[in-house]
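**Student:** Before anything else, here's the structure in question.
The values are calculated or read from the model by the stated rules, or taken from the named source; none is laboratory data. Since we're looking at a predicted model, the values are computed, not measured. Cβ placement follows ideal geometry from the backbone for every residue including glycine, while neighbour counts extend to all protein chains displayed. In case anyone asks, the SASA skips ligands and DNA or RNA and just uses the protein heavy atoms, side chains included. Shrake-Rupley method; radii C 1.70, N 1.55, O 1.52, S 1.80 Å.
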Amino acid sequence: MDRVRSIQELVERTAHMPLEKMRFFINEDRREPKCFGIYHDDAGDRWVLYKNKADGSRSVRYSGPDEAYAANELWMKIQSEIDLRRPRKAAPKKAKRDRIITLSLVGLLIALVIAFAVHEWRKPIRGYYRSNDALYYYQDNDWYWYDDGDWVYYDAPGGEWYGDYEYDRYYPYDDANRFEDSRYYEEPRDDDRNDSSVFDSWDSGDTDWNSDW
């Protein structure tokens, strides 16, 4: 910014600044520590530009008749203090590193979402399954096996045995009792995966299962 040439011009340029909080004083001979100031010494007819140090001692930057010089020196000091406190732009390397970190986190999040979606998609759906002529039923993360006229809990290896999916409702031509009539059966929840829409019309009550195909 252009230099100032008088104390009045310095006052006008700094009118919007919180000079007291910044510890700058114009036309004041302040004695407290940690401050800068300028004032006119009428006895010596001179301008005094000073800095009070933290220990209370004073350092005189200028003492003389040149008002323009003294005013501009304090103006440049005010500008340097403002620059020191102005937020700095991120260095190019830091900005690049931050961008890489952000992209890596986004990539990791996407991978986790995909992994979760694949896991959910591979989970078995509620219903009957058959493997090696044995009949199973899956519900709520548990497997059950039809054994010797009764349904029993089946401890699937790793909890992820699938078998071959048959249907989600009882098929009357099986020689097994309905799992729905067993003590383990629970009513499906809204979030249960099943294919009930495919079999909505397959109701043993209104179908002649003894007729020829």
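**Student:** Taking a cut-off of 16 Å, what percent of all Cα-Cα pairs in segment 45-113 are separated by more than that?
**Tutor:** Working: 1642 of 2346 pairs.
The answer is 70 percent, as a whole percent.
**Student:** For every other residue with a beta carbon closer than 14 angstrom to the beta carbon of Leu74, add +1 if it is Lys or Arg and -1 if Asp or Glu, then tell me the sum.
**Tutor:** Numbers: positive: Arg3, Arg5, Arg13, Arg23, Arg30, Lys51, Arg61, Lys77; negative: Glu9, Glu12, Glu28, Asp29, Asp66, Glu67, Glu73, Glu81.
Spelling it out: positives minus negatives among the neighbours equals 0.
**Student:** Excluding ligands, DNA and RNA, what is the solvent-accessible area per residue of segment 44-115 at a probe of 1.4 Å, expressed in Å²? Walk me through the numbers before you get to the answer.
**Tutor:** Numbers: 5240 Å² over 72 residues.
Using a 1.4 Å probe on heavy atoms only, each residue of segment 44-115 averages 73 Å².
**Student:** Given the C-alpha atoms of segment 1-148, compute the convex hull and give its volume per residue in Å³.
**Tutor:** Details: hull volume 35.5 nm³, N = 148.
Once divided by residue count, the hull of segment 1-148 is 240 Å³.
**Student:** Where does the Debye-calculated log10 I(q)/I(0) of segment 1-52 sit at q = 0.13, 0.21 Å⁻¹, using only Cα point scatterers of equal weight, no solvent?
**Tutor:** Debye intensities relative to I(0), on a log10 scale: -0.33, -0.82.
**Student:** Taking H as built 1.01 Å from N, whose amide H comes closer than 5 Å to the amide H of Cys35, not counting residues under 5 places away?
**Tutor:** For Cys35, the qualifying residues are Asn52.
**Student:** Around Ile100, with a cut-off of 14 angstrom between Cβ atoms, what is the net charge of the other residues, counting Lys and Arg +1 and Asp and Glu -1? Let's see the in-between values first.
**Tutor:** Details: positive: Lys93, Lys94, Lys96, Arg97, Arg99; negative: Asp98.
Charge balance in the 14 Å sphere: +4.
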